[in-house]
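So the structure is just underneath, and the comments pick up after that.
The values are calculated or read from the model by the stated rules, or taken from the named source; none is laboratory data. Just so it is clear, the model here is predicted, and its values are computed rather than measured. Note that we place each Cβ from the backbone using ideal geometry, even for glycine, and neighbour counts take in every protein chain shown. All accessible areas refer to the heavy atoms of the entire protein, side chains included, with ligands and DNA or RNA removed. Shrake-Rupley method; radii C 1.70, N 1.55, O 1.52, S 1.80 Å.
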Amino acid sequence: MIRRLRQLLSTGETQRQALDQHELINETLQLLRSDLVNQQVTVVLCLGAAQAVVYGDRVQLQQVIINIIVNACDAMKQVPPGDRVLTVSTALIDEREVLV
């Protein structure tokens with residue numbers, strides 16, 4: 001966990017590689033777990049059946065996912081805590097495109 005946080009905070013070289021989309025999302029949610037609990041946000045995962053491989057820099061892609069989740073949580077601040085539900089879904093559009 002600490003290693004992953006350090007990687008997110010570092011400004012090193014881009015390392016493009018093949019990544020499992022579902023693994024990337026799960027790792028990112030683990031990084032945000034305590035923040036989601038503190039904000040009383042329930043996460044619902046609807047991961048597509050196909051294991052999609054995406055190509056890119058793990059840290060940069062995690063930063064994008066983190067920004068989207070943080071923005072979604074900020075948008076729910078006025079929603080009563082019991083109703084704060086964030087749904088993260090994925091789908092394989094075709095061999096070159098995935099949807100998150």
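Values for this structure:
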quantity: Carbon and sulfur %, accessible surface of the chain computed with the full protein complex present, 1.4 Å; calculated: 51 percent
quantity: Å² of accessible area per residue within the chain, as computed with a 1.4 Å probe and no ligands counted; calculated: 69 Å²
quantity: Choice from Q15, Q40, Q62 with maximal GNM fluctuation in the chain (Cα, 10 Å cutoff); calculated: Q15
quantity: Ranking by accessible area, most exposed first, for I66, I25 with a 1.4 Å probe; calculated: I66, I25
quantity: Residue-averaged [θ]222 nm for the chain, counting only DSSP H segments that reach four residues, each worth -39500 (n - 2.57); calculated: -14500 deg cm²/dmol
quantity: Distance in nm between pseudo-label sites at D20 and V85 (7 Å out along the Cβ direction from Cα); calculated: 2.7 nm
quantity: Kyte-Doolittle at least 0.0, axis length at least 20 Å by Cα - qualifying DSSP helices, the chain; calculated: 58-75
quantity: Loop-exposed GluC sites (Glu not before Pro) per DSSP, neighbour cap 16 Cβ within 10 angstrom, longest uninterrupted part of the chain; calculated: 14-94
quantity: Sequence of L29, L61 from largest to smallest accessible area, 1.4 Å probe; calculated: L61, L29
quantity: Debye log10 I(q)/I(0) at q = 0.11, 0.22, 0.26, 0.27 Å⁻¹ for region 7-79, Cα point scatterers; calculated: -0.31, -1.06, -1.26, -1.31
